[in-house]
Amino acid sequence: MRLFDPNVRKHLITDEGEVVVDEVTKHWTASLKPFLEIALAVPVLALLFWLPRDFYWVPLLGAPILVLHALWRIAEVRMDRFVITNMRVFRVHGILSQQISTMPLARILDISVRKPVIGRILGYGHFVFESAAQDQGLREIRFVGRPDQRDLTIQRVIARAGLRGAGAQQGVPARYPDSERMPRADDGWMHLRETRETERIGDAWWTEREERYDRDEARFVPVQDVSGSHPEHPTEPIATIDPERPAHA
């Protein structure tokens, strides 16, 4: 499948710590029409049994054209990727010539998720982005599988970047100000570690919860192996807390 892999990672700003949170391929329903074209080639070829010899060229030419056109469209669907990173969202598509459309997280004003009736049944929807720019290179993303979960993923990445909520209003810097706090990719998982430091609260040491992005579930899930003893105080336990826990004095 490398032939149909657009290799989105080559477009990442790796020296600034940009990593892929989710790489979205189009829902399988986007390929239904091309497969119907391939199926239509069979009855077109069957016209050989009814047409006069002088017209054999019609099905012999028409059937291969239908198949080749369908295969081209399937390749276009396969090469069309919507990518969510910790800095932006972008779309890469095209076979011979490639087009890249990018929208920084800071420019996203609103995301509309449209789910037609058949989309609600089969599990896909269409994203419409409203941005601060008048001329938008990234406007609509069609046939997105599990749209509700992926909408929440984008909203959570925006919130973690410090672009939404009270933190953004008060001028609080992003939650990943340095390389130690940037998300990192590891074997298909996205790990989000809020901090490596521990904090003394009451009689116990606390550490922030580590999360990872589950590509199959299209959501963040907590890592359960962060509890234990404090390295400098082995007799005192470490408890885990959610990243959203308010800070203690």
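The values are calculated or read from the model by the stated rules, or taken from the named source; none is laboratory data. Given the structure is predicted, the values throughout are model-derived calculations rather than measurements. Positions of Cβ are generated from backbone atoms using ideal geometry, with glycine treated the same way; all protein chains shown enter the neighbour counts. Just the protein is used for accessible areas: all its heavy atoms, side chains included, with ligands, DNA and RNA removed. Shrake-Rupley method; radii C 1.70, N 1.55, O 1.52, S 1.80 Å.
Quick look at the values:
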{"item": "The stretch 33-59: number of residues that are aliphatic (A, V, I, L, M), closer than 29 Å to residue 77 by Cα and surrounded by 15 or more Cβ atoms within 10 Å (Cβ to Cβ)", "result": "5"}
{"item": "Close pairs from the stretch 32-57: first part of a helix (DSSP H, G or I), partner among the hydroxyl-bearing types (Ser, Thr, Tyr), Cβ under 8 Å, at least 6 apart", "result": "48/56"}
{"item": "Tally, over the stretch 79-103, of residues that are outside any strand (DSSP E or B) and open to solvent by 30 Å² or more (accessible area, probe 1.4 Å)", "result": "5"}
{"item": "Meets criteria (open to solvent by less than 20 Å² (accessible area, probe 1.4 Å), more than 16 Å from residue 144 (Cα to Cα), assigned to a helix (DSSP H, G or I) and modelled with pLDDT of 90 or more) for residue 63", "result": "yes"}
{"item": "Number of the condition not met by residue 107 [criteria: (1) among the charged types (D, E, K, R); (2) touching a Leu at 6+ places or on another chain (Cβ under 6 Å); (3) crowded, with 16+ Cβ neighbours inside 10 Å]", "result": "(2)"}
{"item": "Flag if residue 28 is open to solvent by 80 Å² or more (accessible area, probe 1.4 Å) and under 23 Å from residue 118 (Cβ atoms)", "result": "yes"}
{"item": "Looking only at the stretch 1-31, and only at residues there that are among the hydroxyl-bearing types (Ser, Thr, Tyr) and in contact (Cβ under 8 Å) with a residue 40 or more places away in the chain, the one that is farthest from residue 67 (Cα to Cα)", "result": "25"}
